Amino acid sequence: MARPRLNGALRRLFRAPAYLYRWRCGWLLGHRLLLLIHVGRRTGRRRETVLEILEYRKEGPEAVVMSAFGRDADWLRNIGGNPAAEVVIGAQHFAVAHRFLGEEEAVRAIAGYERRNRLIAPVIRAVLSRLLGWRYDGSEDSRRRLVRQLPLIAFRRRS
């Protein structure tokens, strides 16, 4: 699937949280977003990606995110090639291990995310429909189809 192109203004808007993290103001974002610091699989250069946290679990802590561009997302391929990644969540900065959620756990995470964000559910469904290439309606069948197409990944402090 081809990735949507972003114009300059929209790209800067999406990069704004990364600047907050760089300025040590990540605490303003709480547990809504995380900054993933990873190494490029071909370049070996440091990369930073801001991801929305779909579910934050205090134990661990563990943060669940979605790869909106599927298994071919650069950040996902980078951590597959070089798992030495770090995350910043709020004011916490730590090395992480990652795992892919199984289908049942992923469906529960999506359902919980939709429940917690029910006021903006129509926007969420529209965005997901665009990313998926088919109409996402929030039903159980749609959730299962979604998690087969867009993997959910959990990041946890590396021990």
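A short reminder: the numbers here are calculations on the coordinates, not readings from a lab. Being a predicted model, the structure only gives us computed values, none of them experimental. So basically every Cβ, Gly included, is an ideal-geometry build from the backbone, and we count neighbours across all protein chains shown.
Worth pointing out:
- The stretch 64-159: trypsin sites (Lys or Arg not before Pro) falling in loop per DSSP and having at most 16 other Cβ within 10 Å: R135, R158
- Its alpha carbons considered, the stretch 54-98 gives a radius of gyration followed by a Dmax of 11.3, 29 Å.
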